[in-house]
Amino acid sequence: MSTLEIRDLHVAVGDKEILRGVNLNISSNETHAIMGPNGSGKSTLAYAIAGHPKYTVTSGAVLLDGEDLLAMSVDERARAGLFLAMQYPVEVPGVSVSNFLRSAVTAVRGEAPKLREFAKDLKNGMDALSIDPAFAQRNTNEGFSGGEKKRHEILQLELLKPKIAVLDETDSGLDVDALRVVSEGINRFRASGDTGVLLITHYTRILRYVKPDFVHVFAGGRVVEEGGPELADKLEAEGYESYVKASA
Ligand code: ADP
Ligand code: MG
Ligand code: MG
């Protein structure tokens, strides 16, 4: 079992403090949802965990199995079993999806997968996500539709098999069919072993397909309420307004 531990995390962009003391523990057999209004700092949390240089950790700690995650390089974080899917993934012109994924698997495992084995895993993953085979030869993230970006994200999960996956707005911009395919992919990943998921979302609808064990409400750069899956139903009915007021 693995645990991602976020302790009293404060994060600034420039001299603006955005995260104001976030505490969260995610174990590898749990699914957590972070829900909150736009601008509450959800993506900032994901970027800080990912080590994005624009997001400065001013105090607090992030530990993966007791090791200081913030002291690790981005590659080391991936090798330690952390996967981060960004709300706005970067384009990698000139690198095909297939090569990008093989490099990612190589980086995480520390050795290149056998070509034939990788080709088989890639094909199975793409089939399961209803991805057209031609997709593997496209430039990574270049001109991807919302749905293609998200399927690509879940394909990475299936191939990389991280211990803890952080998914930021994986549900945004998906029509109902794509949402179902992506949710099924997340559920397959959850069922595939001892894996933890931190699902960051503004909307409650993905939580109808991917049932969280814990729900954390984010407002004003911190967790303002926590509960079980029933909290998502409450948010769907009542919205975030009361939390936004209370955190202001
Ligand atoms: P969410 O993902 O919950 O919508 P964000 O983490 O994207 O929220 O943003 C939280 C706050 O931090 C917002 O006020 C946003 O404008 C600010 N912020 C986030 N990233 C940056 C950045 N790179 N530069 C300037 N401000 C930022
Ligand atoms: Mg826990
Ligand atoms: Mg966001």
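The values are calculated or read from the model by the stated rules, or taken from the named source; none is laboratory data. Every value quoted in this text rests on a predicted model; they were computed, and no experiment measured them. When we count neighbours, we look across all protein chains shown, and the Cβ atoms used for this are built from the backbone with ideal geometry, even at glycine.
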Looking only at segment 183-205, and only at residues there that are closer than 20 Å to SER43 by Cα and touching a Ser or Thr at 6+ places or on another chain (Cβ under 6 Å), the one that is farthest from ligand 3 (Cβ to nearest atom): GLY196
Subset of segment 28-43 [polar (S, T, N, Q), within 14 Å of SER2 (Cα to Cα) and surrounded by 17 or more Cβ atoms within 10 Å (Cβ to Cβ)]: SER28, THR31
Single match in SER172, SER183 (criterion: assigned to a helix (DSSP H, G or I) and hydroxyl-bearing (Ser, Thr, Tyr)): SER183
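Restricting segment 44-61 to residues that are under 14 Å from ARG20 (Cα atoms) and buried (at least 19 other Cβ atoms within 10 Å of the Cβ), which is nearest to ligand 1 (Cβ to nearest atom)? Can you show your working first?
The initial filter retains those residues of segment 44-61 that are under 14 Å from ARG20 (Cα atoms), namely 44-45, 48, 55-61.
Add one more test, that the residue is buried (at least 19 other Cβ atoms within 10 Å of the Cβ), and what stays is 44-45, 48, 55.
On the way: THR44: 3, LEU45: 7, ALA48: 9, TYR55: 7 Å.
Looking at residues that are under 14 Å from ARG20 (Cα atoms) and buried (at least 19 other Cβ atoms within 10 Å of the Cβ), I get THR44.
Specify which of the listed residues (ALA85, ALA50, ALA33) is under 14 Å from the mean Cα position of the chain (by Cα) and within 16 Å of ligand 2 (Cβ to nearest atom).
Values: ALA85 fails: within 16 Å of ligand 2 (Cβ to nearest atom); ALA50 fails: within 16 Å of ligand 2 (Cβ to nearest atom).
On inspection, the qualifying residue turns out to be ALA33.
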Selection count where residues are assigned to a helix (DSSP H, G or I) and within 29 Å of GLU169 (Cβ to Cβ), scope segment 86-122: 16
Considering residues of segment 193-248 that are free of Cβ contacts under 8 Å to residues at least 24 places away in the same chain and in a loop (DSSP other than H, G, I, E, B) only, the residue surrounded by the most Cβ atoms within 10 Å (Cβ to Cβ): PRO229
Qualifying positions in segment 1-47 - among the hydroxyl-bearing types (Ser, Thr, Tyr), in contact with a Leu (Cβ under 9 Å, 6 or more places away or on another chain) and within 16 Å of ligand 3 (Cβ to nearest atom): THR44, TYR47
Flag if ARG116 is surrounded by 14 or more Cβ atoms within 10 Å (Cβ to Cβ) and either modelled with pLDDT of 95 or more or within 19 Å of SER43 (Cα to Cα) (or both): no
